[in-house]
Every structure is written in C-alpha cells, then in structure tokens.
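Shown next, in structure tokens, is the structure this report addresses.
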Amino acid sequence: MDPTNTNIDSNISSSNEGSHFFEGVEKLLEVWFSKKDKKTRNCDLRKIPRAELDALLEIVKCTIISERKNDIIDSYVLSESSMFITKNRFILKTCGTTTPLKCLSHLIGLVETYSGYNDIEDLYYSRKNYKRPELQRMPHRSFNEEAALLDELFPDGAAYCFGSVNRDCWYLYTLNPVLPAEVLRRVSSGGSLSDGQSDTESIESDGSENSDDSGIAAWLESGTRGLTECQDRDHTIEILMTNLDPELMKIFTKECSKTAAEATEKSGIDRIIPGCVIDDYLFDPCGYSMNGILKTGEYMTIHITPEKEFSYVSFESNISHDCYRAVIQRVLDTFRPGKFVVTAFACKGLDGDKTHKEITTYTLGEDYLRRDLQYCQLKNYDLTYALYSKFPS
C-alpha cells in the first residue's frame with residue numbers, strides 16, 4: 001500500500017489476519033442501456049454470445065460456473081459472485097481482487113456490436129469499504145481511483161460516500177446530469193416546465209436551435225429518460241453483513257455440507273424468497289454462492305465468505321418494497337449478523353417515500369441498534385442507507 005495515499009478507504013485496512021485472506025466485499029456494477037433514437041424493440045443485451053461474455057470476464061479475472069435462464073433474465077454464478085443480464089440491464093457483482101471497472105469499455109463495445117443499443121441510460125457502481133484494500137488490483141485500491149476512471153468515461157458522473165468514512169461506509173458512483181438554470185428556475189417558481197402546456201409543446205414551439213427551450217429539450221431527452229420509464233424499473237435492496245456466527249458459517253464448508261443444495265437447505269436460504277429457481281455452488285474447502293430467479297424477472301443473490309476472521313455475507317434482490325420487512329427479517333434470522341448495512345433504491349416519488357419509511361420505521365427488536373441512517377435523492381431513484389449492529393457493540 002502506498003503510504004502517501006490519504007484516502008480513508010486505504011487507511012482502514014487490517015493486517016493481523018494470517019497468511020490466508022479473502023475479500024468478501026463485492027464491487028457491484030449495474031448499467032442500463034438504451035438507444036439514442038429510442039427505437040429499442042429489437043434490442044436485447046442477451047444477444048451477446050457466450051464466448052464474448054467469457055472473454056469479457058477474463059478482463060475482470062473471474063469465470064462462469066453455471067447459468068440459469070428464463071424469458072426475462074439470464075443468471076450466471078461466477079467464480080467470484082454473480083452476473084445478471086436482461087433485455088436492457090447488465091449487472092456484474094464480483095468479490096475478491098476482481099477488476100470489473102476494467103471491462104466497462106469492452107462491455108460498451110460488445111453492446112453496440114451485438115445488442116442494438118448505442119447509449120447508456122444509467123449506471124451505478126457501488127461497494128462497501130474493504131477490509132484489506134491494499135490487496136486490491138488497480139483501479140480498485142481506493143474509491144478515489146475508481147471514481148477517477150469512471151469520470152474519464154462519464155463527464156456527468158457523481159461520487160458519494162454514505163456512513164462513517166473512518167469506520168463502516170458504502171460508496172456509490174452514478175450518473176447525475178446537471179439541470180440547466182432555466183429548468184431549475186421554472187421548477188422552483190411553480191413546478192412546471194411549460195406554463196400550462198405539455199413539455200413537448202413548450203419545447204418545440206420556438207424551433208430555434210439557439211432558444212433556451214432547445215437546451216431544456218436536450219436535457220429532458222438525456223437527463224430524464226429514466227424518470228418517464230420508472231414504472232418499468234425495479235427496486236433494489238442490499239443487505240451487507242459482517243461479524244457472522246462461526247457455528248452458523250460452518251454450514252458453508254465442505255466439512256459440514258457435502259453439496260451446495262445441502263447448505264442451501266440447512267441454512268434456510270431456500271425459504272428467504274419462496275418460488276425462486278435456485279442455482280447454488282459450494283466452494284472447496286469453503287465459501288458459497290447462489291442466484292435465484294423468478295419467472296417475473298425478480299432475482300436474489302447471496303454470497304458467503306465464512307472464515308471467522310473475515311466473515312462476510314451479502315444479499316441482494318429486486319423484489320418489491322412491499323416485501324422488505326418480511327425479507328429483511330428472514331435474512332437476519334438466517335445469518336444472524338453482528339453488524340449489517342442496508343441499502344435500498346426505489347423509483348423517485350411515492351415509491352421512494354414508501355421504501356424509506358419501510359426501512360426507517362422497521363423495528364428489528366432489542367437485538368439491533370441503528371447506528372446510521374441517510375436518505376439521498378438521485379436522478380432516477382431515491383436511496384436509503386442504514387447501518388445496524390447488535391446491542392451493545
């Protein structure tokens with residue numbers, strides 16, 4: 001580790017583990033694709049050939065172990081976590097010392113070549129702080145490095161840190177185009193972009209390329225595409241858990257479970273979201289990954305690093321916010337973490353408010369104390385971040 005690096009994420013490492021260490025914390029990359037002319041009927045990310053996906057993951061330094069598919073979503077269990085592909089969304093979640101951001105330019109090329117899309121509608125890159133960041137490969141040794149790489153590709157990108165930067169925190173990079181001053185003025189003065197007319201009528205009435213409204217039209221086309229399609233977008237919840245019960249973690253070792261299916265059943269993972277088609281894998285000598293998909297396109301994914309000194313479990317799903325309380329409780333009952341972070345994305349407006357209230361008003365009982373809570377309004381989504389730990393801790 002560079003001793004001159006003052007980034008907080010690089011200074012909270014731990015070096016008192018033995019020679020064996022595995023970083024369970026994942027790097028999560030999610031990209032939504034579109035087309036500049038908005039004619040996307042025949043576009044589909046799932047047209048990218050398997051051989052091209054294999055080559056893409058070589059850049060990331062991981063491989064595909066198994067796959068499951070239905071009419072809406074393709075699911076891949078990887079040697080380091082998971083990948084999901086739908087018609088217009090690509091999700092790559094990788095742990096260890098993988099390098100997902102290095103594949104981004106190559107991914108964009110594959111999308112343009114095979115899928116028919118030629119535009120990025122939205123992008124999210126996120127992760128919890130590492131336990132040992134000095135073991136990561138560049139550009140993933142600090143969030144400053146990661147954000148700098150993404151800034152080179154996306155001039156309207158924005159980087160955030162949630163939580164306590166000297167303890168537990170969670171980083172996010174997303175696209176956040178700046179609204180023109182005229183849009184801000186109109187919205188702040190009365191909440192309308194068009195003084196009674198429809199947005200399209202107001203924007204097209206002048207026809208002059210130099211008019212103020214032409215700039216508004218450009219922003220509406222690029223910066224608010226996702227808002228008009230919010231009903232087609234989903235919610236996402238992550239629960240990132242540490243300080244796990246060592247006895248419980250033994251289930252996810254070859255010594256205790258002979259197969260992945262046995263570990264899934266013993267732990268109760270198969271009961272967290274009933275009805276999922278489960279694709280699970282038990283690593284040798286320890287470690288566990290699973291993807292679960294529903295016919296309706298919802299997914300869940302769980303990854304487990306069971307070693308006592310650096311135990312870590314992650315849960316992610318795009319189920320409806322209406323299910324959050326039940327699912328959060330099932331996850332906690334299944335893994336009994338000593339500490340965990342919850343992040344939840346929801347479409348802006350009423351859904352975002354409901355999701356935030358669902359989490360902030362949820363009582364976890366006497367076992368857990370909420371240590372941190374933050375709420376952020378992004379371009380297309382509202383985000384809630386919360387940190388909990390067992391009481392006292």
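The values are calculated or read from the model by the stated rules, or taken from the named source; none is laboratory data. Just so we're clear, the structure is a prediction, and the values are computed from it rather than from any experiment. Quick reminder, even Gly has a Cβ in these numbers, built from the backbone with ideal geometry, and neighbours come from all protein chains shown. The protein model used for the area step is the full one, side chains on, heavy atoms only, and it has no ligands, DNA or RNA in it. Shrake-Rupley method; radii C 1.70, N 1.55, O 1.52, S 1.80 Å.
Restricted to region 33-82, and to residues that are among the charged types (D, E, K, R), out of contact with any Asp or Glu (no Cβ under 9 Å at 6 or more places or on another chain) and part of a helix (DSSP H, G or I), which residue is nearest to E23 (Cα to Cα)?
Out of the qualifying residues, it is E58.
Rundown of residues vs (1) crowded, with 18+ Cβ neighbours inside 10 Å; (2) touching an Asp or Glu at 6+ places or on another chain (Cβ under 8 Å), yes/no style:
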position: E247; (1), (2): no, no
position: F252; (1), (2): yes, no
position: D279; (1), (2): yes, yes
position: S289; (1), (2): yes, yes
position: E307; (1), (2): yes, no
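Yes or no: region 313-323 includes at least one residue that is over 17 Å from F22 (Cα atoms), within 15 Å of the chain's Cα centre (by Cα), of a type in the set (V, I, T) and assigned to a loop (DSSP other than H, G, I, E, B). Please lay out each step first, then the result.
Taking region 313-323 and keeping what is over 17 Å from F22 (Cα atoms), we get 315-323.
Then keep just the ones that are within 15 Å of the chain's Cα centre (by Cα); that gives 315-319.
When the remaining residues are screened for being of a type in the set (V, I, T), the result is 319.
Subsequent filtering for residues that are assigned to a loop (DSSP other than H, G, I, E, B) retains 319.
Yes: one or more hits.
Can you tell me how many residues within region 131-146 are within 16 Å of the chain's Cα centre (by Cα) and either open to solvent by 10 Å² or more (accessible area, probe 1.4 Å) or among the hydroxyl-bearing types (S, T, Y) (or both)?
Number satisfying all stated conditions: 1.
The conditions are (1) within 21 Å of I120 (Cβ to Cβ); (2) more than 22 Å from the chain's Cα centre (by Cα); (3) open to solvent by less than 50 Å² (accessible area, probe 1.4 Å), and K38 fails exactly one of them. Which is it?
(3)
Looking at L123, L107, L45, L78, which is the one that is under 27 Å from E307 (Cβ atoms) and touching a residue at least 40 places away in the same chain (Cβ under 8 Å)?
Values: L123 fails: under 27 Å from E307 (Cβ atoms); L107 fails: under 27 Å from E307 (Cβ atoms); L45 fails: under 27 Å from E307 (Cβ atoms).
One residue alone meets the criteria, L78.
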